[in-house]
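Trainee: Next up is a structure, given as structure tokens.
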Amino acid sequence: MKSIGTGYASGKIILMGEHSVVYGEPAIAFPFAGTGIQATIKANKLESWIESSFFHGPLSAAPNTMRNVTVLLWYLVKHFKIPEPFYLKIESSIPAERGMGSSAAVAVAITRAVFDWMEEPATQENILHFVNQAEAVAHGNPSGIDATTISGTEPILYQKGIGFQPFQLNMDAFLVVADTGVKGQTRKAVKDIAKLMELRPYETNQQMRTLGQLTNQAQQAVLQNKPRVLGDCMNQAQGLLRLLGASNHNLDHLIETALEHHALGAKLTGGGRGGCMIALAENETSGRQLQKTLLSAGARDTWIEGLGVYAHV
Ligand code: MEV
């Protein structure tokens, strides 16, 4: 056992397929290097302690909103027979509850830190074993896409119950990510869509299937370097996500603004009802311009990411 364990995890972006992934359809996501979480763990003298911007104090007093962390720690302590107490520090640049996978990322970073502390090999399978249990507490019925994406290193096509295939982003275009500044409501949105599925099963199933088809078309567009086709898939997906009630006026406003300013496509990313949107830009110059436009239109923060071998930021 080392004296200090450290672990890092990035955020994630879902390019296509949020919500429909819960119903077995494919989704495309990638680890998002623009944001991340660092966890550090070491022995403490008196009691187990958590230090984070969200909460600092004894583990026993952690609020219910941190149940994913406390449950995860419980599993890890039990598995590794950790000689409590410990001191855990969490430093994050991932905005919380904005669809960037902050809860999965905090779980991956902590699990990696504990594996490092215990000098155990942190394979993706080992990490996911613990993180999926914590995610089930945070999200109720997660598809597993956040934990899988964040514990890996590559873009993936993910399908619940089947697993994931890594694939190369191969597109001569840039993705702008903008934070509405409003907390997303993944859990609530997932629940409400489950209600829609009960109330209008035929229509809702059709919508899920169409979202799945759009994801497959989007993957082909990425592989064949066809940004306009990807943009069109994104716009169609956003139309359906809006019908399913996953968007909100903050997202709609930034999405409309992006489309009015030469974005090839734009949609929400992650759970929605707040959180972040993504917009596809033809090149880096138009992407940077779009960042400025979205900030003037009220975005809290923006990032830009090249989408492949042609586009490096
Ligand atoms: C959340 O990042 C993605 C959702 O599809 C929920 C899930 O897959 O568990 C909205």
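Trainee: If you go through the stretch 63-83 one residue at a time, do you hit one that is touching a strand residue (DSSP E or B) at 6+ places or on another chain (Cβ under 7 Å), surrounded by 15 or more Cβ atoms within 10 Å (Cβ to Cβ), among the aliphatic types (A, V, I, L, M) and not in a helix (DSSP H, G or I)?
Mentor: No, there is no match, as no residue in the stretch 63-83 is touching a strand residue (DSSP E or B) at 6+ places or on another chain (Cβ under 7 Å), surrounded by 15 or more Cβ atoms within 10 Å (Cβ to Cβ), among the aliphatic types (A, V, I, L, M) and not in a helix (DSSP H, G or I).
Trainee: Give just the number: which of (1) modelled with pLDDT of 95 or more; (2) outside any loop (DSSP other than H, G, I, E, B); (3) touching a His at 6+ places or on another chain (Cβ under 7 Å) does Ala246 not satisfy?
Mentor: Exception for Ala246: condition (2).
Trainee: Filter the stretch 167-212 down to the residues that are within 14 Å of the ligand (Cβ to nearest atom) and part of a strand (DSSP E or B) and list them by number.
Mentor: Correct list: Val177 only.
Trainee: Right, here's the next one. Got a number for residues in the stretch 114-146 being surrounded by fewer than 20 Cβ atoms within 10 Å (Cβ to Cβ) and of a type in the set (A, V, I, L, M)?
Mentor: So the answer is 4.
A quick yes/no check of all residues on (1) of a type outside the set (Gly, Ala, Ser); (2) within 12 Å of the ligand (Cβ to nearest atom); (3) surrounded by fewer than 21 Cβ atoms within 10 Å (Cβ to Cβ); (4) over 23 Å from Asp192 (Cβ atoms):
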{"position": "Leu251", "(1), (2), (3), (4)": "yes, no, no, no"}
{"position": "Leu259", "(1), (2), (3), (4)": "yes, no, yes, yes"}
{"position": "Ala263", "(1), (2), (3), (4)": "no, no, no, yes"}
{"position": "Leu268", "(1), (2), (3), (4)": "yes, yes, no, no"}
{"position": "Gly272", "(1), (2), (3), (4)": "no, yes, no, no"}
{"position": "Cys276", "(1), (2), (3), (4)": "yes, yes, no, no"}
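Trainee: Might you let me know whether the stretch 294-302 holds any residue that is in a helix (DSSP H, G or I) and not hydroxyl-bearing (Ser, Thr, Tyr)?
Mentor: yes
Trainee: Look through Thr210, Thr269, Thr204 and report the one residue that is closer than 20 Å to Ser20 by Cα, polar (S, T, N, Q) and touching a Cys at 6+ places or on another chain (Cβ under 6 Å). Outline the logic, then answer.
Mentor: Values: Thr210 fails: touching a Cys at 6+ places or on another chain (Cβ under 6 Å); Thr204 fails: touching a Cys at 6+ places or on another chain (Cβ under 6 Å).
Exactly one of Thr210, Thr269, Thr204 is closer than 20 Å to Ser20 by Cα, polar (S, T, N, Q) and touching a Cys at 6+ places or on another chain (Cβ under 6 Å), namely Thr269.
Trainee: Still on this structure, please answer the following. Going by what's in this entry, would Glu91 be described as within 13 Å of the ligand (Cβ to nearest atom), under 19 Å from Phe54 (Cβ atoms), in contact (Cβ under 8 Å) with a residue 40 or more places away in the chain and not hydrophobic (A, V, I, L, M, F, W, C)? Working first, answer last.
Mentor: On the way: within 13 Å of the ligand (Cβ to nearest atom): no; under 19 Å from Phe54 (Cβ atoms): yes; in contact (Cβ under 8 Å) with a residue 40 or more places away in the chain: yes; not hydrophobic (A, V, I, L, M, F, W, C): yes.
No: the conditions fail for Glu91.
Trainee: Further question on the same structure: Give the residue that is nearest to the ligand (Cβ to nearest atom), with candidates limited to residues of the stretch 3-53 that are part of a loop (DSSP other than H, G, I, E, B) and modelled with pLDDT under 95.
Mentor: Only one residue tops the list, namely Ser53.
Trainee: Something else now. Just checking, which of Ser60, Ser48 is more than 24 Å from Arg300 (Cβ to Cβ) and in contact with a Pro (Cβ under 9 Å, 6 or more places away or on another chain)?
Mentor: Numbers: Ser60 fails: in contact with a Pro (Cβ under 9 Å, 6 or more places away or on another chain).
Matching residue, one of Ser60, Ser48: Ser48.
Trainee: Another question, then. List pairs: first residue in the stretch 112-136 and at negative phi, second residue of a type in the set (A, V, I, L, M, F, W, C) and loosely packed, with under 15 Cβ neighbours inside 10 Å anywhere in the structure, Cβ distance under 8 angstrom, at least six positions apart or on different chains.
Mentor: Note: pairs meeting the criteria are Val114/Phe80; Trp117/Met1; Trp117/Ile4; Met118/Met1; Met118/Phe80; Glu120/Phe80.
Trainee: Looking at this structure, is Ala96 buried (at least 21 other Cβ atoms within 10 Å of the Cβ) and either over 17 Å from Ala39 (Cβ atoms) or not assigned by TED's automatic domain parsing to the domain that holds Thr302 (or both)? It would help to see each step written out before you state the result.
Mentor: Working: buried (at least 21 other Cβ atoms within 10 Å of the Cβ): no; either over 17 Å from Ala39 (Cβ atoms) or not assigned by TED's automatic domain parsing to the domain that holds Thr302 (or both): yes.
In short, no.
Trainee: Is the stretch 117-136 home to any residue that is under 28 Å from Trp303 (Cβ atoms), within 16 Å of the ligand (Cβ to nearest atom) and in contact with a strand residue (DSSP E or B) (Cβ under 8 Å, 6 or more places away or on another chain)?
Mentor: No, the stretch 117-136 has no match at all.
Trainee: Give just the number: which of (1) within 16 Å of the ligand (Cβ to nearest atom); (2) of a type in the set (Gly, Ala, Ser); (3) in contact with a strand residue (DSSP E or B) (Cβ under 8 Å, 6 or more places away or on another chain); (4) more than 20 Å from Gly11 (Cβ to Cβ) does Gly245 not satisfy?
Mentor: (3)
Trainee: Need the failing condition index for Glu305 against (1) away from the ligand (no atom under 16 Å from the Cβ); (2) crowded, with 24+ Cβ neighbours inside 10 Å; (3) within 20 Å of the chain's Cα centre (by Cα), just the number.
Mentor: Condition (2) is where Glu305 drops out.
The values are calculated or read from the model by the stated rules, or taken from the named source; none is laboratory data. As the structure is a computational prediction, the values presented were derived from the model and not from experiment. Here Cβ is always computed from backbone atoms with ideal geometry, including for glycine, and neighbour counts include all displayed protein chains.
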